[in-house]
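See below for the structure under consideration.
Every number here is computed from the coordinates shown, using simple stated rules; none is lab data. Fair warning: this is a prediction, and the values are worked out from it, not measured in the lab. Here the Cβ positions follow ideal geometry from the backbone for every residue, glycine too, while neighbour counts run over all protein chains shown.
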Amino acid sequence: MTNEHPASSTKPKLNFRFLLSGAWIGGFVFCIIFAIATVFLGNWQMDRRMDKLDEINTIVDNYDKQPVSYAEASHVFSDFDEQQKWTPITVRGEYLDEDTLVARNRPRAGRPGFEVLVPFRTDSGDRILVDRGWLPLGVDASAPDSVPAPPEGQTEIIIRAMPGEVSVDRGAPEGQVASINLASIRDQLGYDIADEAYGLMAAESPAPAESPQQMPEPQRDEGPHLSYSMQWFTFGLMSFVVWGWLAYQKAVRNREDEMYGEREEDGFISAHRVERVKPVKRRKGQMTDEEIEDAMLNG
């Protein structure tokens, strides 16, 4: 009949006291710091998505609606609001063709080029800047090969309101600008123009024989910001999951070490105590198998 010790028939409970050690506490603190960083990055991506959605909503609300008269919308160019972006406006007056400028470094569909900027004097005497469209690089790449002239005399145009751009820290050759910064363009022209917004060409009447390429309709795609945000939040959560999994594996290994380290009287030999017995040779030959076994049992 075999006498079985009670401890040998049941597994000890998992012990997580090691989590109070400096290394494991430090690992948990790292998870907290990492999670805070990922939440910040996830919220940043959500903010970018909301900004993009606001822009898409503005496009949907304004881009295709019926043009309003300049008399109703003249304030847009002197007191611009982002909600007025892309608003179509009908303006009557004449181009100041002699003051035409081109904006450099304006890519379109992967091709570098220029945008043609012409001041427009309205019937009310105001001056606004009109972006008539896009031209590709010329032969020498420093300017367009030619700039199509706008209609002469009295002209009716439909433009979409756009905010002026920030100034950039680089120069441009004569007759060109580095950005559509309206204050800088006003100083370059030497007379007042509306300095909060400009007009992006939609139509001209009478239509000229040749004109720059019209700018494409803005995209209504919110981009990958939502998926990026979810990824950052997931990374933060996974840091705690990995820390917990490592802690569980450590506790399991500790329990196994405790089980296999029980006393020999319980029917186990500690894995840490098993030693290789070095046989001792007799004077007249090697030990027999029985002698080797006796030496192992006797320690």
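Structure notes:
- Cβ-based charge dipole, region 65-205, positive-most Cα from PRO144, PRO119, GLN188: PRO144
- Share of Cα-Cα pairs in region 65-205 lying beyond 25 Å, as whole percent: 23 percent
- Karplus-derived 3J(HN,Hα) values for region 36-44, using 6.51 cos²θ - 1.76 cosθ + 1.60 with θ = phi - 60°, are 4, 5, 5, 5, 4, 5, x, 5, 4 Hz; glycine and proline are entered as x.
- Within region 20-120, trypsin sites (Lys or Arg not before Pro) in DSSP loop having at most 15 other beta-carbon neighbours inside 10 Å: LYS65
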